[in-house]
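A quick write-up on the structure given underneath.
Bear in mind these aren't lab numbers, they're just calculated from the coordinates by the rules spelled out. In this text the structure is predicted, and so the values were computed from the model without any measurement. Glycine gets a Cβ as well: all are built from the backbone with ideal geometry, and neighbour counts include every protein chain shown.
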């Protein structure tokens, strides 16, 4: 049974192009399946999360991270009596707009666009992917996802102003998104805050003493694990502490969101949309702990000197390829040359680069820019 404030599939605002109902899947289940079968979703397997494969094949990539977010989001949604199928569709699609090389690639692509008076936003790019770039159906362009999934793609992590983004006006920008969309960003933070500690430790870029000193909530659980499993090797004690840290974040997220729903007195989806702020979130104590973990990761992993050369290489590859195609658009694939007749060239080049995997963009760089990226190759 879904809560009264959940999104019910039968009440969906529908698809841009009407389709007959499916005999045994509702609309959100179909959207989830369409995302899974999309080319952009498959490409996530070859896009960097934090570490390239130069370190190990065991580390998270953008696809495995997405699956972990979906697992956490489904668990939370079930406990809150929300629409699990809609939540899963949103979790699986939430990162399809990311370019190669993780945040370094996104930073370089946005900087290149800014030089032409434009910008890159991975949420808006994800919307372009599902609305236009995916080509699987004879009857329409894109995936023809429901309104609720398209709305969640752009609103799951931030609010957009109708004045600044008039092209998004149909997505009820003056209202809060449903709870199903609101819980995606916190689930994302839980996933990477714990997974990146794990990968950083495995990569030997984060030592156990440094993690224990910089992430007090982890240290507390590690001391518990030492007492409970004194004969276990350090890595297994580490895993136990990290599992408990994840459970604390997820459990608090569920309980605090339930509490905020009750305090706000929301009983319907419209109540959620009309409420002046988002209701899905952590308690003050756990949000502080989450913030400490995030700050620790930024200072000790994401900004680590050990990763600096790879980030610099990534930014150089994106920037130089972008500039090359701006100067020589005739080298673009024919379909992108055609698009450049209707859209700004910078946007077309941006779209092309953003869709690439790490491996493919290196191939293009070596082909057109005439030099190998050397040790930064995955």
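Structure data summary
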item: Cα gyration tensor, the stretch 5-89 - rounded (a/c under 1.5), prolate or oblate; result: oblate
item: FRET efficiency for residue 231 and residue 295, using Cβ-Cβ distance with R0 set to 45 Å, rounded to 0.05; result: 0.85
item: For the stretch 98-151 and the stretch 289-319, distance of Cα centres in Å; result: 23 Å
item: Inter-centroid distance (Cα atoms) of the stretch 13-76 relative to the stretch 157-188, Å; result: 20 Å
item: Top of 340, 91, 139 by mean-square fluctuation, Gaussian network on the chain, Cα under 10 Å; result: 139
item: FRET efficiency estimate (nearest 0.05) - Cβ-Cβ, residue 111 to residue 239, R0 56 angstrom; result: 0.90
item: Residue 308-residue 13 pseudo-label distance in nm [points 7 Å out on the Cα-to-Cβ vector]; result: 4.7 nm
item: Where labels lie 7 Å past Cα in the beta-carbon direction, separation of residue 170 and residue 71 in nm; result: 3.6 nm
item: At R0 = 22 Å, FRET efficiency that the Cβ-Cβ distance of residue 159 and residue 271 yields, to 0.05; result: 0.75
item: Which of 124, 279, 90, 82 has the fewest Cβ neighbours within 10 Å, and the rest in rising order; result: 124, 279, 82, 90
item: Length-normalised contact order of the stretch 307-376 in % [C-alpha pairs under 8 Å, at least 6 apart]; result: 42 percent
item: The stretch 241-378, relative contact order in percent, only Cα pairs under 8 angstrom and at least six apart counted; result: 20 percent
item: Stokes-Einstein D (µm²/s) once Rh is taken as the Kirkwood radius of the stretch 307-376 over alpha-carbon pairs, at 37 °C in 0.692 mPa s; result: 262 µm²/s
item: Over the stretch 217-278: Rg over Rh, Cα atoms, Kirkwood Rh; result: 1.30
item: Taking 247, 27 and counting other C-beta atoms within 10 Å, the order from fewest to most; result: 247, 27
item: Theoretical ellipticity at 222 nm over the chain - DSSP helices of four or more residues, -39500 (n - 2.57) apiece, nearest 500; result: -18000 deg cm²/dmol
item: The chain: relative contact order in percent, alpha carbon pairs under 8 Å with at least 6 residues between; result: 22 percent
